[in-house]
Amino acid sequence: MKTDLKTTAILLVIFGVTIVGTVLFAMYVLSSLSTLNVKLYNSPTQSLIYLGYLIFALLVGTVLTLFAIKRKMFKLMKVIFVVISGLILLSFFSFLLPAIFAIAAAVLVELYYYKYAGRIGRDVVNILIFISVGGIIALDLGFIPSVILTAVIAVYDYIAVFKTKHMITLATGMKDIVYFSVITLATIKRKAAIMIGGGDLIFPAILVTATFLYSPSAGIFVFVGAVAGLTTLLLIGQKKKAYPAMSFIGPAELIALGVYFLISLI
């Protein structure tokens, strides 16, 4: 049984809002830095080095998380998530508000997130977190490294789900912690939930944002490709089965980007 159309539509809305929000946030950050006469610029070499650090950090983080799940260190994981999400929220609000208000907003949202929010409330805060992370990474990486990152993650996601299967272990271990994933089906039906992980929202947003800043027209093509990739997965995917979302979304984005460049040559 495939994902129903109502759930597909809700997931696509969340997906689209996250990506568009990431683009707008990145543009706002650039505008703010420009107003302060601060130039955010990394040379191609610096961007590639940053990409290497990012991939290394992702691998190390995955290994440590798997270790924590195996040892059932869930309380420690929650503490770490509190710290990480707090820093991300502080970074997000720091670009929007004066320092004292940014700190207050981050603390209040953090308190709400971990103490009072239901699933929908957490979804909303998660989107803010994903927008902040995606926007900052896109600005630091730039266009070409973001393309490389998308290709690497698409291959890695396939291997992690279908070959080593450690991504399934991660998803299973994290399902009771909830944080950093968006759960929607559980809010519609009292049955098994469909979970789309933070990476499946952040990584597509990174490429769309970096491409949009490089060329708005190209960015729109990549956005359409991302939506098409996720739509394909949701329509053909079977319930109660794990799929590597980035292995659908990433190639669709890259194909859309290739189509854009081919059209631009005509």
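What residue, among those in region 108-139 that are without any contact (Cβ under 8 Å) to a residue 12 or more places away in the chain and assigned to a helix (DSSP H, G or I), is nearest to residue 28 (Cα to Cα)?
In this case the residue turns out to be 124.
List every residue pair whose Cβ atoms lie under 8 Å apart, where the two residues are 6 or more positions apart in sequence or sit on different chains, the first residue falls within region 65-92 and is in contact (Cβ under 8 Å) with a residue 40 or more places away in the chain, and the second residue, located anywhere, is loosely packed, with under 11 Cβ neighbours inside 10 Å and of a type outside the set (Val, Ile, Thr).
Note: pairs meeting the criteria are 74/176.
Quick one: residue 11 ticks every box in (1) modelled with pLDDT under 90; (2) of a type in the set (A, V, I, L, M); (3) out of contact with any strand residue (DSSP E or B) (no Cβ under 9 Å at 6 or more places or on another chain) bar one, so which box is it?
(3)
If you take just the helices (runs of 4 or more DSSP H) that sit entirely in region 184-266, which of them hold at least 1 residues that are modelled with pLDDT of 90 or more, surrounded by fewer than 19 Cβ atoms within 10 Å (Cβ to Cβ) and of a type in the set (Phe, Trp, Tyr)?
Helices (runs of 4 or more DSSP H) meeting the threshold: 198-214, 245-265.
Is it the case that residue 176 is modelled with pLDDT of 75 or more, acidic (Asp, Glu) and under 30 Å from residue 68 (Cβ atoms)?
When the stated conditions are applied, residue 176 does not pass them.
It is to be established whether one or more residues within region 124-132 are modelled with pLDDT under 95, crowded, with 22+ Cβ neighbours inside 10 Å, polar (S, T, N, Q) and closer than 22 Å to residue 13 by Cβ.
Within region 124-132, one or more residues are modelled with pLDDT under 95, crowded, with 22+ Cβ neighbours inside 10 Å, polar (S, T, N, Q) and closer than 22 Å to residue 13 by Cβ.
The values are calculated or read from the model by the stated rules, or taken from the named source; none is laboratory data. Since the model is a prediction, treat every value here as computed from it, not as a measurement. Cβ coordinates were reconstructed from backbone atoms using ideal geometry, including for glycine residues, and neighbour counts include every protein chain displayed.
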